[in-house]
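The values are calculated or read from the model by the stated rules, or taken from the named source; none is laboratory data. Keep in mind that what you see is a predicted model, and the values were worked out from it rather than measured. Every residue, glycine among them, receives a Cβ derived from its backbone with ideal geometry; neighbour counts consider all protein chains shown. Just the protein is used for accessible areas: all its heavy atoms, side chains included, with ligands, DNA and RNA removed. Shrake-Rupley method; radii C 1.70, N 1.55, O 1.52, S 1.80 Å.
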Amino acid sequence: MSALSLMAVFAGCSGSGSDYEEITAADIEEEADLTKIAYDFKIHPLKSSDPLDGIGGVKSWNDGSVMLARTNDSRKILRFDNYKLTGVLDRLGRGPGEYYFIEDFTYDEFNNCIYIENDSNLVTYDAVTMEFKGKQKVNINLQNCLNLGDKMLYFGIFLDEGSLSVSEDTLRLPKESMILVDRDERDLSKGVILYREGLLKRLLLGYPELFYVNPKNRSTCFTGLVCTIVTFDDEKATPIYKFKLGTEPIDEEAERLLDETESLSSEGAEDVLKRISLATQGPRINNVFNIMVFST
C-alpha cells in the first residue's frame, strides 16, 4: 500500500469520464519513499525481555499507547503498552475458554476486554490478565470486528439472511454488511448498516484479514474492481475517493453481478467467473491492510 499511496499522490486525472481515477505506471513521475509524502512520524522499537514471535497484524488504540498484535501463525495475541510487551494471550484450542482461530480481534478499553471473533461468537478475555471471561453470541457470521470508543464496528453476514449454500444446482450468495452499533449491544439488527456488499465480490476479490479504521476521521477502504475510500459517522458512509489500477475497462455486467447477485445457477456462476476473469487481467488490489489518512 505504500506503493499505492505514492501512485495516488503523483497520479494525474485519467480523463476516463468515470467516477473513479485510473492509476497507471504512466502517472508515476518518480519512485520515492514515504519520507517524501509523510511527516511527523516516529519509529518505536518494540521491547520485550524474551524473543518476540513473528507479527502478522497490528492494531493500536490511544495514539499507540496500547497495541495488540496477532502472531504470524494466528495462535497468539501480544499486548504492548507504550511499545513494551506486557501480556500474551495463548489459548488456541477447542476446549472451554479457548478460541479455534484468530481471524480478527479488537480491544475494548471501557470493559477491559480483548475480543477474538470465531464465527458468530466473540470470545472474551481480560485485557490485562488474559483470563477467559466468556463467549458472547452475535447475530452475524463474523468476518471483522473493531472497537471505536463507545461503538463497535462489525462486518459479516446476518444469520437470518442465511449463508453460502448450494441447493438444486443453485448457488446462494447472501450479502455482507458493515454495521455500527453501541459498544455493548449484541443484537446487531439494532445498529446502523453503513455498507452492503455482495458475497461474490469478497469470495472472488479477497478478504481483508484485519479491520483497519483511522479513528481520528473514521476512514477505511472498501476493495473491489474499483476500490472506494470512505469516511463514516454514526449514520452513513460517505465515498471520498475511488480508484483502480490499470486501464482495462470494467465489465459493467460483472460489476453489477458482484454487487447485486444473491443466487446463481451453475451456468450463471460460470458466466460470472468468465466475466470477472476478463475484467481483472490487469493490475488490481485484492486486499487493503493499511489505515487510510486524510486531510480535512
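Of note:
- Of the residues contained in region 117-131, none is found to be assigned to a loop (DSSP other than H, G, I, E, B), free of Cβ contacts under 8 Å to residues at least 40 places away in the same chain, in contact with a strand residue (DSSP E or B) (Cβ under 6 Å, 6 or more places away or on another chain) and under 21 Å from Ser60 (Cβ atoms).
- Selection from region 33-75 of residues that are among the polar types (S, T, N, Q) and either surrounded by 10 or more Cβ atoms within 10 Å (Cβ to Cβ) or part of a strand (DSSP E or B) (or both): Ser48, Ser60, Asn62, Ser65, Thr71, Asn72, Ser74
- Residue match in region 132-148 (condition: free of Cβ contacts under 8 Å to residues at least 40 places away in the same chain, more than 27 Å from Asn112 (Cβ to Cβ) and of a type in the set (D, E, K, R)): no
- Given (1) touching a residue at least 24 places away in the same chain (Cβ under 8 Å); (2) within 30 Å of Glu161 (Cβ to Cβ), number of the condition Arg91 does not satisfy: (2)
- Filter pass, Ile179 being open to solvent by 10 Å² or more (accessible area, probe 1.4 Å), assigned to a strand (DSSP E or B) and of a type in the set (A, V, I, L, M): no
- Filtered residues of region 125-140 (kept if open to solvent by less than 50 Å² (accessible area, probe 1.4 Å) and aromatic (Phe, Trp, Tyr)): Tyr125
- Residues within region 47-76 that are in contact (Cβ under 8 Å) with a residue 24 or more places away in the chain and of a type in the set (Val, Ile, Thr), tallied: 1
- Counted residues, region 128-151 - those being of a type in the set (Lys, Arg) and over 21 Å from Asp90 (Cα atoms): 2
- Considered as a group, the residues in region 234-245 that are touching a Leu at 6+ places or on another chain (Cβ under 7 Å) and in a loop (DSSP other than H, G, I, E, B) include one that is nearest to Asn147 (Cα to Cα), and that residue is Asp234.
- Checked against (1) within 15 Å of Tyr99 (Cα to Cα); (2) open to solvent by 20 Å² or more (accessible area, probe 1.4 Å); (3) among the acidic types (Asp, Glu), Glu117 passes all but a single condition, namely (2).
- Cβ pairs under 6 Å, 6+ apart, first in region 246-264 and surrounded by 14 or more Cβ atoms within 10 Å (Cβ to Cβ) and in a helix (DSSP H, G or I), second among the hydrophobic types (A, V, I, L, M, F, W, C) and at pLDDT below 70: Ala254/Ala279
- Within region 210-220, the residues that satisfy the criterion of being open to solvent by 20 Å² or more (accessible area, probe 1.4 Å) and out of contact with any Phe, Trp or Tyr (no Cβ under 7 Å at 6 or more places or on another chain) are Pro215, Lys216.
- Failed item in (1) surrounded by fewer than 20 Cβ atoms within 10 Å (Cβ to Cβ); (2) of a type in the set (Gly, Ala, Ser); (3) within 14 Å of the chain's Cα centre (by Cα), with Ser165 passing the rest: (3)
- Only a single criterion out of (1) within 20 Å of Phe105 (Cβ to Cβ); (2) open to solvent by less than 50 Å² (accessible area, probe 1.4 Å); (3) not charged (D, E, K, R) is not satisfied by Leu173, namely (1).
- Selection within region 168-199: residues that are of a type in the set (Gly, Ala, Ser) and modelled with pLDDT of 90 or more. The member of this set that is farthest from the chain's Cα centre (by Cα) is Ser189.
- Listed here are the strands (runs of 3 or more DSSP E) enclosed by region 187-233 that have at least 1 residues being touching a residue at least 60 places away in the same chain (Cβ under 8 Å), in contact with a His (Cβ under 8 Å, 6 or more places away or on another chain) and among the polar types (S, T, N, Q), and there are none.
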